[in-house]
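Where a number appears in this text, it was derived from the coordinates with a stated rule and is not lab data. Being a predicted model, the structure only gives us computed values, none of them experimental. Quick reminder, even Gly has a Cβ in these numbers, built from the backbone with ideal geometry, and neighbours come from all protein chains shown.
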Amino acid sequence: MTTDDRRATVCLTFDFDSISVWIGPHAARSPSMISRGEFDVIGVERILCLLDREQIPATFFIPGHTVETFPDSVRAILRAGHEVGHHGYLHENPVTLEPAEERRVLERGLESFEKVVQVRPTGYRSPAWDNSEQTIDLLLEYGFAYESSLMGDDFTPYWCRSGDQLDLDGPYRFGTPVDLVELPVSWILDDHPHFEFYRSSRGRADGLSAPSKVKEIWLGEFAFMHRDVPDGVFTLTMHPQVIGHGHRMLMLEEVVTAIKAYEGVVFSTTDDAAARFREKNTIQ
Ligand SMILES: [Zn+2]
């Protein structure tokens, strides 16, 4: 397929949160709750098998705590040729951090990747998709090429902005586009709210959807994009501890097969999708 034949890009992204999300945001201390994060390792193995069978690249966003706790899984991801991206240290929500703390968390995540696998990620995804007011400026300062936490579009990447001003007594004022590509995300295209079930002191989720329902939603979104959005990017967000269960892995396989049947589809890392956007667009 030449570049001109491409009609759609598909990015399979996996947030390898593992234990960090339970002991961090959920403040879990029970071995049972923590073991849910341990299951991520099993999920990653299953996902790597699927990606290998299907011969498609993917991106794994990984907190520094996971990089240090499960280095063999991170090495296996890299050995298979997939991309790794920054996802905080202990899955900290940037909105809850003081500016100096957010900077330190960003540095600490980079240090984990450097120390364990000698890689510097080009992409960032904020835990809980919750950027703070300074996240974009920080990512620029630390040389990131793209980020994937905003929802200002669904299938079309765009330039992030710096300096937005919120006024409760007047119109929202948009800041200046900056040299950081946004690969937008959507809760619709995230496995977590559809499937995950938990009760914790920090909240609850009911999840447990039938995979047939999620498959219908995801493939419906893809069908619309393929038909109506030129050169769209379909970014699925999944979590090994969520999608890694048997019936959901079978669903993911069916989703990949169905998408492959469309014309002009290219599976890509998010880094490559952001680079392609850069090649075709100037900041405006
Ligand atoms: Zn996460």
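Can Thr176 be described as within 16 Å of the ligand (Cβ to nearest atom), free of Cβ contacts under 8 Å to residues at least 24 places away in the same chain and surrounded by fewer than 16 Cβ atoms within 10 Å (Cβ to Cβ)? No; evaluated as a whole, the condition is false for this residue. Is there a residue in segment 156-177 that is closer than 30 Å to His247 by Cα and of a type in the set (Phe, Trp, Tyr)? Checking segment 156-177: not a single residue is closer than 30 Å to His247 by Cα and of a type in the set (Phe, Trp, Tyr). Annotation: Gly143 fulfils all but one of (1) surrounded by 14 or more Cβ atoms within 10 Å (Cβ to Cβ); (2) closer than 21 Å to Asp272 by Cβ; the unmet one is (1). Quick check: is even one residue across segment 249-261 surrounded by 12 or more Cβ atoms within 10 Å (Cβ to Cβ) and in a loop (DSSP other than H, G, I, E, B)? Scanning segment 249-261 turns up no residue that is surrounded by 12 or more Cβ atoms within 10 Å (Cβ to Cβ) and in a loop (DSSP other than H, G, I, E, B). The residue of segment 122-132 that is nearest to the ligand (Cβ to nearest atom), among those that are crowded, with 21+ Cβ neighbours inside 10 Å and closer than 23 Å to Trp22 by Cβ, is Pro127.
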